[in-house]
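Worksheet for the structure shown next.
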Amino acid sequence: MLAVIAKDPAALDVSFAGVDEVVRVSVEQEEFEGDVALAAVEALIAARRPRATLLGFTVNSMGYGPALALRLGQGFASDVHAVALEGDTLVATRSFHGGKVHAELEFAGPAVLLLRPTTWPPAEGAGSPTFADVTAPSVASRARHVAFQEVAQADVDITTADFLLSIGRGVGERENIEQFEELAAKMGAVLSVSRPLVDAGWMSNARQVGQSGKTVKPKVYLALGISGAVQHLAGMKAAGTIVAVNTDPEAAIFGVADYGAVADLFDVAEELDKLF
Amino acid sequence: MSETRQTFENLALWQIVFWYCLIAISTSVFVWGVIRLVRKYRQGRSTTRLDHIGRRLLRTTRLVFTHAWIRRRDTTTGLGHAFVFYGFLVLFIGTAILGFQDDFAGPVLGVHFFRDWFYLGYSLFLDVFGVALIVGLVVLAVKRGILRPFRLDYWRPDRKEGEYDRRPWVIDDWAFLGVIFFLALTGFLLEGFRIAETNPSFETWSPLGWGLAQGFRAIGVQGQTAESAHFVLWWVHGVVALSFVATIPYTKALHMLSSPANVAVRDDRAGKRLPTLPADVKSDDVGYARITDLTWNHLVSLDACTKCGKCHAACPATATGYPLSPRDLILDLRDVAADADAMQERRSILGDPIRPETLWSCMQCMACVEICPVGIEHVPIINQMRRALVERGEMDTLLQSTFEMIHTSGNSFGEPKRKRARWAKELDFELKDVRKEPAELLWFVGDYASFDPRNQRATRALARVLDHVGADFGILWDAEKTGGCDVRLAGEEGLWASLAEENIRTISGCDFERIFSSDPHTFHTLRNEYPDLGGSWTVLHHSQLLLELIEAGTLVPAKPLGYRVTYHDPCTLGRYNGVYDAPRQLLAAVGCELVEMPRNRDNSFCCGAGGGRIWMKELKAEGAKRPSELRIDEAVSLGGIDYFVCACPKDVTMYEDAIKTSGHQGEIELRELSELVLESLDLPPLAAVGGPSENEEEAA
Amino acid sequence: MKIVVCIKQVAALGDEVEFSDDGLDVDPDYLELALNEWDGYATEEALRICEQAGGEGDEVVVVSAGGEEVDAALRRCLAMGADRGVRVELAGRADPFTVARALAPVVAREQPDLVFAGVQSSDAVQAATGIALAELLGLPGVAVVNKLDWDAAARRARVHRELEGGLVDVVDVETPALLTIQTGINEPRYATLRAIKQAEQKEIVVEAAAGDGEPAYRVRRMFVPPKGEGAEMLAGDPAQVAARIAELVKERLA
C-alpha cells in the first residue's frame, strides 16, 4: 500500500507495477511540516494498522519518523538496507560503525522503518491499484514553513558532467585544492567534493556530491582521498566506473568502487599530472 | 720636567666648572635613561635569573673578554669587534684613571701618580688601543657598507616591500659607528694639537699623537695656533662624548650594557627545558599575549639585540621564505616595549605586530638561540606566544585536529593503540613487554618509529641489532603514548603535561635500568622535561647506546661498509642536547667515510618538521624550495655521496620525500643509523614474513 | 536564556573487530571513544547563542546517558564553555528510545528555552534520538538545522533545514523547541587540555535512569559483512597506479 500525503494527492501519479492500493491523504499545508506529516501518518496507521510503515531515510522523515514510532509504541530503525518478514518476525538490517559491521534487528510488533535511498532501484511500470482516501486531522504546526531558499546559482553543474574528479578530507588543507582543480582541468574532468570540504567553507555546496549535495551519475567517477561516508556514497554509487584512491585499505568507498588503489592521493595526482 | 701633562691646561676656572656641570647633566640624563629601562623591565613577569649570581658574573666576564660567542662563524667580525671593544674599554679606563687622579687621588690623597714611567706607559698603551679602535671600526664599516653579508640585510620575509621602513635603523647603525669613529679621530687630533703646542720630547711615547704633531708643526701649526685649535676641538670632542654617554640608553650604544646584562641573566637551558604552567593559572595569563607578559629578562633581551642578523642568517624558516625572521620578531617586540604607552596599557602583541603565521612558521630548531652572541632566547619567547594562541583556539585547523587526535588516540597518526607495536610482527623473535617483565633497557619507541612504514624498517633494524648482541630490552607495547615533545613546542602545554603524566605512570610501573629511544624528540623530552613532572631516569639516544655496545666489544661489525656518507645532525639531538660525536663515531666504527656538509653540528639545517610544523600546513613562498630540499641540495653538492644518514624518524620522513621532490632521486639515498649498523653485521635476511623491501636492502 | 545540549560519546572502530560473547555488540576493547562530531557543533552553537544574548544567568547545560567513560565527552563540552553537566547512568546497549527516555526527565526539569542534539551520531547514524526526545518532552522538533537565528525579544527561532540537493527550507519554530544540529553550522572552538582539566571543577551530576519502555529495536545478530566483489585493487607504485587510472579513464569515456 502506497500512501500519498499532500495538499493535492491526486496530482502525483504513483500507480507503479506492484502497487496494490494507493491511499490519498489530504492536508491543508502546501509544503512539508513535521507536525502535519506526523498527524497524517498517525491517522493512516490508526486506519489501516500496517505491519510496517516504510519511509525514506530523508531529512523530512528524520523530522517526524522517530516521534511517530515512539508515540504509537512501535519499533523503529533508520538507514535500513534490507527488510524481510520471516514468519511473524519483521527483520531489518542496518549497519553500524561506518558500515564495518551489520546488524539484524527484529521486531515482534509493528515498526516504522526509514529505508536507505538508492538501495533499491526506482519503481517503474504501470500497475492497477485501487484508490482510497483517508482524512487527516487539521493541525496547526508548531514549526511552520516560511520559504525555500535555493542555493546561489553556481557556475557549475556537476550533475551533467561525464567525468568527475572528486576530492575529500584527504586533501588536508585548503591550499592543496588548487592542484586538484588544475589536474581536473587537465584530465578533462569537473571537480567535485565531499561534504567535509563544504563544511570547512573551502568549496561551494554546488560541487558537493552526496545526500545533502547532488546525486551524480557520470561515466567515470575518480575519488581521491574520500573515505566513503554513507551519505556520500548515496550520491555517487550509480556512476558508471568508480575509481577510488585512499591510504586506508578499509575505506568504505572501496566497497562501491570498481577499481581501487591504496596509495597517497598526492603521489597519484602528481603522476597523473605527468600523463595528461 | 717630569713626564706628565696637565688636564684642563687651557681652561679658565669657570670653564672647568662649566665642564663638570656638563658632566653632571650628561650623567643624570644617562642615569635617568637607565632608570626608565629598569622600570620597564620590572613591568615584566618575575622569574629566577639571579641565582648563583657570582658564577653568572664570572661567566659573563669570561665570555665578554674572550668574545667567545661573538667570534662564532665569523672570525673577521669577531676580531673587528674585539678591537673596537678593547679600544673603547682601554680609552674609557684611561679617562677614568685621569678623572681619578684629578678629582680624588690628587686633591684628597695628595698622590700624583700620573707622571714619569706611569704616564709614558699610559700614553703608549692608549695610543695603541686607539689605533686598534679605529682599525676595528674600519673593519666593521667595511663589512656593513661594502661586503654587505646577508645577515646585515634588513629585508624581512614577513612583510611586503613598502610595508616597512628600515631607515631609522640604518641611521642608528651608522650614527653609532660614526660617533665613535669621530671621537677616536678627534681624540688623536687633540693629542696631535696638544703635543704640537710645545713638542716635549717624551711625547714620542704617544707614537700616533707624536706623528700628527710633527705633521702639524710641519705645516706651521704650533704654539698658540695649536693651542687654539686644541681648545676648540677639545670642547667639540667633549660635548660629543658627553652627548654620546647621555644618549647611551636611547641608541644602539645601549648594547654595551644590555648585552652583557642579558648574557648574565641567561638561562642555559633556554628552550631545552620549557617552563611548566602552574595548575591554577588563569586563561588570560597563559603564555605571552601582551608585552608585559614577557619575563623581565626577556624584556632585557629585547634591548640586548644588536641587529647583527646571525639568527636571521641561520634560520631555516627565513631561508625558505616563511614569514618569520627571528631578528624581526625580537625587534618588533622591542618597538612595542619601547613605547611607554604600550607598556602602560599592557598592549597585546598577538596579531599586531606579531602575526600568527610568523609564530607558526618556527620549527623550534634553536639555530637562532644557538648562534646569538648576546644570548637572546627567541625559541622560548615564540613558544610562549604559541601557548597564548592555542589558549585562544587560534591555530591551523590541521594542528587543532592533530591535537584532538592525540588526545583521543594517544598518537599523532590517529591509529588505534593496539597497532602501536605492529611493526614488531615481522621480526623473527619476541619483543619483551617491559610492563610485565624486568629488562635492563626500556625502549620508548615513539610515534613515527612505530607507525610510519618507512621508519618501521629502521625500527626493525634496530631491534634486530639489539637482539643479535643479546641486549636485554623491552617495549611498552600499546601502553606507550606519544612523548609529547612537539605538542609542547607547538604550544599545547596542557596536552604535553597530560601525556607526560601518563607516560611517567606507565614507565614508573616497570622494572628497568635505563631508557633509550631512536627518536631524538622523545629522547629530549624524556631526558630534560619529564623530570619536572616527576619522571627522572637515565635516557639515551640509540646512537649513544650502539656506540657503547661497540666500545664494549659486544657489538662487532662483521665487515666495514666502505660507504661515502654524510650525516645530518637532528636539531633535538645536536643543538638541544649536544650529542654530535656519538653518531659520527658510530659511522666510523662501521667503516663509513664521513663527508661533512657545510652546515653541520651546531650549524645543522633543520628538516622543517620540528616544532609541530609537520602537523601544519606549508607556509613556503611560491616557487621557493622547502628546507628539506635545500638540505638535500647541500648534500648532493658534496659529490659522490652514497647515503644521507639520519638519526631521527622525522628526518627520515622529510628527507625521503625531499629526495624525490628536489629532483635528486637516483643521485643519493637515505639510510637511518640502525640500518647501516644492521648491514655491517651481515646477518641473513628475515624469514618470509618480512617485507621484500627489507630483504632487498640487505641484499644490496 | 538556557540551552540544554544532548551529547553522545561515540565509539570509533578501527580495521579490526571482535564481537562480545553474545554476538550482539562489538567488543569494547576494539572501540575508541570520542565526543560525537555533530555534538561539538551543537555545543558551539549553544555557546554562541548565549554569548550573543549576553544576558546574566545564561546557561548551557550538557547532558548525556551512559557509564563513567561518558564523563570525558561531557568534560570536553564543559571545557569549551558549557556551565554544567548531567549524566544519566545507563548501562548496556542503548537504542534511541532508551536514551531519549533516560534524558527526558532531566531535560524537562531544566525547563530550557532550546534543546539541541546532533543530527546523528557517527557510530550509529540513526538520526533518531533527538526527535524521539522532542516527542517525549512534548516540544516541536526540527531536524537537520544548519542555520539558527534566535530572536531573544520575540523568543522565536527561525531555522534553516538542510534538505537534499542543497535546498534549504526556512522554518519558524515556536519555542521552547528541540533542534538537531548539522555539521558546518559554525566552527567549534578548540578546548585546550588545560581547559579540560580545569573543567574538572565544573560539576557533573550523575543521576539514575528513570523511565521504562520498549527499546526501538532488538539486535538479533551482528556480523562483519562479506566483502563481496569489492573493488579490483590496482597494484604497484603511484606511477603505475596513475598509468592504469589514465587507461581506464580513456577507455570508459570513449
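The values are calculated or read from the model by the stated rules, or taken from the named source; none is laboratory data. Since the model is a prediction, treat every value here as computed from it, not as a measurement. A quick note on method: Cβ atoms are made from the backbone with ideal geometry, for glycine too, and the neighbour counts reach across all protein chains shown.
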Can you pull out the residues in the stretch A:135-181 that are of a type in the set (A, V, I, L, M), more than 14 Å from chain C (Cβ to nearest Cβ) and either in a strand (DSSP E or B) or without any contact (Cβ under 8 Å) to a residue 40 or more places away in the chain (or both)?
A:Ile167, A:Ile177
Going residue by residue through the stretch B:622-635, is there one that turns out to be modelled with pLDDT under 95 and among the polar types (S, T, N, Q)?
yes
In the set B:Glu596, B:Glu618, which member is touching a residue at least 24 places away in the same chain (Cβ under 8 Å) and more than 23 Å from B:Ala461 (Cβ to Cβ)?
B:Glu596
Going residue by residue through the stretch B:416-431, is there one that turns out to be away from chain C (no Cβ under 14 Å), surrounded by fewer than 16 Cβ atoms within 10 Å (Cβ to Cβ) and not acidic (Asp, Glu)?
yes
Only one of (1) within 11 Å of another protein chain (Cβ to nearest Cβ); (2) of a type outside the set (Gly, Ala, Ser); (3) in a strand (DSSP E or B) fails for C:Val86. Which number is that?
(1)
Some residue of the stretch A:12-32 being under 28 Å from C:Val125 (Cβ atoms), assigned to a helix (DSSP H, G or I) and at pLDDT 90 or above:
no
Assess whether B:Val595 counts as being at pLDDT below 90, out of contact with any Pro (no Cβ under 6 Å at 6 or more places or on another chain) and farther than 25 Å from B:Thr554 by Cβ.
no
Conditions (1) in contact (Cβ under 8 Å) with a residue 24 or more places away in the chain; (2) in a strand (DSSP E or B); number of the one not met by A:Val36
(2)
So the check is Cβ under 9 Å with 6+ separation or different chains; which pairs have a first residue in the stretch C:6-30 that's more than 11 Å from every other protein chain (Cβ to nearest Cβ) and closer than 15 Å to C:Ser121 by Cβ and a second one that's acidic (Asp, Glu) and in a loop (DSSP other than H, G, I, E, B)?
C:Lys8/C:Asp123
Does the stretch C:211-219 contain any residue that is assigned to a loop (DSSP other than H, G, I, E, B), surrounded by 13 or more Cβ atoms within 10 Å (Cβ to Cβ), at the interface with chain A (Cβ under 7 Å from one of its Cβ atoms) and touching a Phe, Trp or Tyr at 6+ places or on another chain (Cβ under 6 Å)?
yes
The stretch B:629-668, subset of a type in the set (Lys, Arg) and within 27 Å of the chain's Cα centre (by Cα), residue nearest to B:Leu547 (Cα to Cα)
B:Lys650
Subset of the stretch A:74-118 [in a strand (DSSP E or B), facing chain C (nearest Cβ under 7 Å) and free of Cβ contacts under 8 Å to residues at least 12 places away in the same chain]
A:Phe96, A:Val101, A:His102, A:Ala103
Condition met for A:Ala200 (closer than 25 Å to A:Gln149 by Cα, surrounded by fewer than 18 Cβ atoms within 10 Å (Cβ to Cβ) and within 9 Å of another protein chain (Cβ to nearest Cβ)):
yes
Unmet requirement for C:Val249, which otherwise passes all of (1) over 30 Å from A:Asp267 (Cα atoms); (2) assigned to a helix (DSSP H, G or I); (3) at the interface with another protein chain (Cβ under 8 Å from one of its Cβ atoms)
(1)
Test: residue in the stretch C:201-209 that is within 11 Å of chain B (Cβ to nearest Cβ), surrounded by fewer than 16 Cβ atoms within 10 Å (Cβ to Cβ) and in a helix (DSSP H, G or I)
yes
Entirely in the stretch C:93-163, the strands (runs of 3 or more DSSP E) that have 3 or more residues that are within 9 Å of chain A (Cβ to nearest Cβ) and closer than 19 Å to C:Tyr41 by Cβ:
C:141-151, C:156-162
Criterion first (at positive phi, in a loop (DSSP other than H, G, I, E, B) and away from every other protein chain (no Cβ under 14 Å)) does B:Lys272 satisfy it?
no
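Let's see how each residue does on (1) hydroxyl-bearing (Ser, Thr, Tyr); (2) within 28 Å of A:Ala140 (Cβ to Cβ); (3) in contact with a Gly (Cβ under 7 Å, 6 or more places away or on another chain); (4) in contact (Cβ under 8 Å) with a residue 24 or more places away in the chain:
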{"residue": "A:Val4", "(1), (2), (3), (4)": "no, yes, no, no"}
{"residue": "A:Phe16", "(1), (2), (3), (4)": "no, no, yes, yes"}
{"residue": "A:Glu31", "(1), (2), (3), (4)": "no, yes, no, yes"}
{"residue": "A:Glu42", "(1), (2), (3), (4)": "no, yes, no, yes"}
{"residue": "A:Thr58", "(1), (2), (3), (4)": "yes, yes, no, yes"}
Residues within the stretch B:532-546 that are touching a residue at least 12 places away in the same chain (Cβ under 8 Å) and either hydroxyl-bearing (Ser, Thr, Tyr) or in a helix (DSSP H, G or I) (or both), tallied
8
Scan of the stretch B:530-553 for residues that are surrounded by 14 or more Cβ atoms within 10 Å (Cβ to Cβ) and within 16 Å of B:Leu466 (Cβ to Cβ), ordered by number:
B:Leu540, B:His541, B:His542, B:Ser543, B:Gln544, B:Leu545, B:Leu546, B:Leu547, B:Glu548, B:Leu549, B:Ile550
Taking the stated definitions as given, is B:Thr459 in contact with a Ser or Thr (Cβ under 8 Å, 6 or more places away or on another chain), on the phi < 0 side of the Ramachandran plot, within 14 Å of chain C (Cβ to nearest Cβ) and not aliphatic (A, V, I, L, M)?
no
Go through the stretch C:33-63 and give me each residue that's in a strand (DSSP E or B) and surrounded by fewer than 18 Cβ atoms within 10 Å (Cβ to Cβ).
C:Leu33, C:Glu59
Which of the residues belonging to the stretch A:222-238 are more than 10 Å from every other protein chain (Cβ to nearest Cβ) and either modelled with pLDDT under 90 or under 18 Å from the mean Cα position of the chain (by Cα) (or both)?
A:Ile226, A:Ser227, A:Gly228, A:His232, A:Leu233, A:Met236, A:Lys237, A:Ala238
Identify the residue in the stretch B:101-119 that is of a type in the set (Phe, Trp, Tyr) and exposed (fewer than 15 other Cβ atoms within 10 Å of the Cβ) and, among all such residues, is nearest to B:Gly238 (Cα to Cα).
B:Phe104
Restricting attention to the stretch B:242-252, report how many residues are surrounded by fewer than 18 Cβ atoms within 10 Å (Cβ to Cβ) and part of a helix (DSSP H, G or I).
3
Inside the stretch B:479-505, can you point out the residues that are outside any loop (DSSP other than H, G, I, E, B) and either among the small types (Gly, Ala, Ser) or surrounded by fewer than 19 Cβ atoms within 10 Å (Cβ to Cβ) (or both)?
B:Ala479, B:Gly494, B:Ala497, B:Ser498, B:Ala500, B:Glu501, B:Glu502, B:Ile504, B:Arg505
Filter the helices (runs of 4 or more DSSP H) completely within the stretch B:356-439 down to those with at least 3 residues that are within 22 Å of B:Gly483 (Cα to Cα).
B:378-391, B:397-409
Just to verify a result, which residue in the stretch C:169-184, among those that are at the interface with another protein chain (Cβ under 9 Å from one of its Cβ atoms) and buried (at least 20 other Cβ atoms within 10 Å of the Cβ), is nearest to C:Val99 (Cα to Cα)?
C:Thr180
